[in-house]
Amino acid sequence: MKAPIAVALDAQDAETAARWALAVTPHVAVVKVGLELFCRVGPSIVQSVRGASGTELFLDLKLHDIPNTVAGAVRAVARHKPRYLTVHAGGGADMVQAAVEAADGVTIAAVTVLTSMSEEALAATGLAGPPLDAVRRLAALAVGAGAGAVVCSPHEVAAVRAEVGPAVVLITPGVRPAGVEANDQARVATPEQALADGADLLVIGRPITGALDPGAAAARIAASLQPAPAGRPGRAR
């Protein structure tokens, strides 16, 4: 059984991303392509990292624009058949709904508050109160608009699970094994804690891809996690 991990393939080129993907896919459920890599290489990156394995793909493009524009972008991307595609919940309910209606079987994952943002950074944007309040509001808004998944930090995952119920997939970036530096993430937790609090899919990047042997690093983290309970959406099968 593969671990409920999405490895962030934040590489500078397609060859490196494909090599990392090949190394980790025996151990993890999903590989993630972010905005920088997708823009640098183009749509061909999808086949490069998916390869012959047919592993599940998470396109983390964080779309945010007027509803009609986002819908058009989602239709263009949906032909690559990713498992998940991100949009910003902050775009509003109409934008999220437009994305869902255009998704053609792709699960729209709504990003709440970026894990790089501290309470001070969030306040500077004009959103008063702790990140938890904003995350819960945005999660409820997105799920009400039809999003099948929500992206939130490990610090908010328990509260979001209580807010949106058991059927919504919760994706948590900002996951770091014990003893690993947080880097540019402000709200982090260990993989074990994030799963215990209700996460379905853990986004892990540099602790795996920055290792001398990414495959071995992925295997170690996967082995540290308990088998996923049967029947939870988004869990590795």
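The values are calculated or read from the model by the stated rules, or taken from the named source; none is laboratory data. Just so it is clear, the structure is predicted and the values come from calculations on it, not from any experiment. Cβ placement follows ideal geometry from the backbone for every residue including glycine, while neighbour counts extend to all protein chains displayed.
Can you tell me which residue within the range 27-43, out of those that are closer than 18 Å to R83 by Cβ and in contact with a helix residue (DSSP H, G or I) (Cβ under 7 Å, 6 or more places away or on another chain), is surrounded by the fewest Cβ atoms within 10 Å (Cβ to Cβ)? Taking the candidates together, the pick is F38.
Does the range 53-61 include one or more residues that are aromatic (F, W, Y) and not in a helix (DSSP H, G or I)? The answer is yes, given that some residue of the range 53-61 is aromatic (F, W, Y) and not in a helix (DSSP H, G or I).
For the range 63-99, taking the residues that are in contact with a helix residue (DSSP H, G or I) (Cβ under 6 Å, 6 or more places away or on another chain) and surrounded by fewer than 19 Cβ atoms within 10 Å (Cβ to Cβ), the one that is modelled with the lowest pLDDT is identified as H80.
Among the conditions (1) surrounded by fewer than 15 Cβ atoms within 10 Å (Cβ to Cβ); (2) in contact with a strand residue (DSSP E or B) (Cβ under 7 Å, 6 or more places away or on another chain); (3) of a type in the set (A, V, I, L, M, F, W, C), V7 misses just one, which is (1). Pull up the range 34-89, narrow it to residues that are within 16 Å of the chain's Cα centre (by Cα) and among the polar types (S, T, N, Q), then point me to the one that is farthest from A23 (Cα to Cα). Only one residue tops the list, namely T86. Quick check on this structure: which one of V169, V164 is more than 17 Å from L122 (Cβ to Cβ) and touching a Phe, Trp or Tyr at 6+ places or on another chain (Cβ under 9 Å)? Checking each option against the conditions leaves just V169.
Considered as a group, the residues in the range 87-110 that are in contact with a His (Cβ under 8 Å, 6 or more places away or on another chain) and part of a helix (DSSP H, G or I) include one that is nearest to V150 (Cα to Cα), and that residue is G90. Going by the conditions given, is V113 closer than 19 Å to V169 by Cβ and part of a loop (DSSP other than H, G, I, E, B)? Yes, satisfied. Beta carbons closer than 9 Å, at least 6 apart along the sequence or on distinct chains, pair a first residue in the range 190-206 that is assigned to a helix (DSSP H, G or I) with a second that is charged (D, E, K, R) for P191/R176; R206/D10; R206/R176; R206/E181.
The set of residues from the range 45-62 being closer than 21 Å to V143 by Cβ and either among the aliphatic types (A, V, I, L, M) or surrounded by fewer than 22 Cβ atoms within 10 Å (Cβ to Cβ) (or both) comprises L59, L61, K62. Return yes or no: is A230 part of a loop (DSSP other than H, G, I, E, B), modelled with pLDDT under 90 and on the phi < 0 side of the Ramachandran plot? Against the criterion (part of a loop (DSSP other than H, G, I, E, B), modelled with pLDDT under 90 and on the phi < 0 side of the Ramachandran plot), A230 qualifies.
Checking each residue of the range 77-84 against the condition of being without any contact (Cβ under 8 Å) to a residue 24 or more places away in the chain and touching a Gly at 6+ places or on another chain (Cβ under 9 Å) gives no match.
Hey, any hits in the range 201-215 for a residue that's modelled with pLDDT under 95, small (G, A, S) and in contact with a strand residue (DSSP E or B) (Cβ under 8 Å, 6 or more places away or on another chain)? Yes, there is a match, as at least one residue in the range 201-215 is modelled with pLDDT under 95, small (G, A, S) and in contact with a strand residue (DSSP E or B) (Cβ under 8 Å, 6 or more places away or on another chain).
Exactly one residue out of V49, V7 is outside any strand (DSSP E or B), among the β-branched types (V, I, T) and closer than 24 Å to I221 by Cα: that is V49. For the range 116-158, filtered to residues that are surrounded by fewer than 16 Cβ atoms within 10 Å (Cβ to Cβ) and on the phi > 0 side of the Ramachandran plot, the residue that is modelled with the lowest pLDDT is G129.
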